[in-house]
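**Student:** Have a look at this one before I ask anything.
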Amino acid sequence: MAERVVGTGSFGVVYQAKCLETGETVAIKKVLQDKRYKNRELQTMQLLEHPNVVQLKHHFFSTTERGEVYLNLVLEYVSETVYRVAKYYCRLNQRVPILYVKLYAYQMCRALAYIHRVVGVCHRDIKPQNLLVNPHMHKLKLCDFGSAKKLVPGEPNISYICSRYYRAPELIFGATEYTTAIDIWSVGCVVAELLIGQPLFPGESGVDQLVEIIKILGTPTREEIRCMNPNYSEFKFPQIKAHPWHKVSNLSICIQLA
């Protein structure tokens, strides 16, 4: 029985619901189906079983009067997200406690190690909104596998994937052959955002975001660009040196993370 909407997006709607048989609170993700294709998210989630990945409990299909078919994924319910935790501390004009950042970073990496190495899947949309958190134990669970895919060497993929602030440079350069490293980049962006209280590489467009990346990491060489996308031909970038990390005077964060 659906109780309230807890999330919406281009994918569909997520409801908080209660199982009438057991009384258990669950989340139901309702997604409109294209009858021409199998749903990759369902296929992926049926392979997953890990403490740091949201659990698929059940699934069913429903049909509207207009003949529209919806896939309903019944998932374990986790009340908070890393996004809302960060917003909470931002409203207090505080940083997320370092202990929590450590816990989240470890669990994100643990989840990725599992889906990358054991299942062989790239998530392709790591962001604070897709990281569920138990507010009491701070146990993290990766969710939303709507963009996830098994990456096959030599097989092209779409480059316009992953939410903008968390997109790896190779995606911005339009690469269609990439690896699970794009997820690792996204995790780094999330951790940095928790530490500084705002997105590390904000931008209104891919070009804007690339400029922000260059400000920190310096201008990529032609060789680096070719490694990201051999077909890229525009090499006109401002020549900026990488950020001089060795000159950073306040090392308290680095020391606490060690």
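**Student:** Mind checking the angle between helix 82-91 and the chain's longest principal axis? C-alpha axes, 0 to 90 degrees, to the nearest 10.
**Tutor:** 70
**Student:** What whole-number distance in Å separates the alpha-carbon centres of the stretch 83-142 and the stretch 1-45?
**Tutor:** If we compute the Cα centre of each part, the gap is 21 Å.
**Student:** Go through 30/127; 57/139; 87/215; 18/149; 18/102; 57/87 and tell me which ones have a Cα-Cα distance over 28 Å in this structure.
**Tutor:** 18/149; 18/102; 57/87
**Student:** Also, I was wondering about something else. Full-extension gain between residue 24 and residue 137, please, as 0.36 nm times their residue separation minus the C-alpha to C-alpha distance.
**Tutor:** Length gained between residue 24 and residue 137: 38.8 nm.
**Student:** Still on this structure: Mind pulling the angle between the C-alpha long axis of helix 206-217 and the longest principal axis of the chain? Nearest 10 degrees, somewhere in 0 to 90.
**Tutor:** Approximately 50 degrees, to the nearest 10.
**Student:** Roughly how tilted is helix 181-196, in degrees to the nearest 10 and between 0 and 90, from the longest Cα axis of the chain?
**Tutor:** Tilt of helix 181-196: around 80 degrees.
**Student:** Quick one: what do you get for the stretch 2-76 if you divide its Cα Rg by 2.2 N^0.38 Å?
**Tutor:** That works out to 1.12 for the stretch 2-76.
**Student:** Then there's this: Under a Cβ-Cβ cut-off of 12 Å, what is the net charge of the residues other than residue 101 that fall near it, where Lys and Arg count +1 and Asp and Glu count -1? If you can, show how the numbers build up before the last one.
**Tutor:** Working: positive: 95, 102; negative: 193.
Result for the neighbourhood of residue 101: +1.
**Student:** Another question, then. List the GluC sites (Glu not before Pro) in the stretch 31-99 that DSSP assigns to loop (not H, G, I, E or B) and whose Cβ has at most 10 other Cβ atoms within 10 Å. Which are they?
**Tutor:** 65
**Student:** Next question. Just the Kirkwood number for the chain, please: inverse of mean 1/r across all distinct Cα pairs, in Å, one decimal.
**Tutor:** 20.1
**Student:** Related question: Residues with beta-carbon under 10 Å from that of residue 177, excluding residue 177: net charge, scoring Lys, Arg +1 and Asp, Glu -1?
**Tutor:** Working: positive: none; negative: 155, 170.
Net local charge, residue 177 excluded: -2.
**Student:** Test of understanding: ordering 143, 227 by Cβ neighbours within 10 Å, fewest first, what list do you get?
**Tutor:** Values: 143 25, 227 13.
Neighbour counts put them in this order, fewest first: 227, 143.
**Student:** Here's another thing I want to ask about it. At a Förster distance of 41 Å, what's the computed FRET efficiency of residue 46 paired with residue 102, Cβ-Cβ distance as r, to 0.05?
**Tutor:** About 0.80, to the nearest 0.05.
**Student:** For n ≥ 4 DSSP H runs only, could you compute -39500 (n - 2.57) per run for the chain, divide by its residues and tell me the 222 nm figure to the nearest 500?
**Tutor:** Helices in the chain give a 222 nm mean residue ellipticity of -8500 deg cm²/dmol.
All of the numbers you see were taken from the coordinates with simple rules; none came from a lab. Fair warning: this is a prediction, and the values are worked out from it, not measured in the lab. Cβ atoms come from the backbone with ideal geometry, glycine included; neighbour counts cover every protein chain shown.
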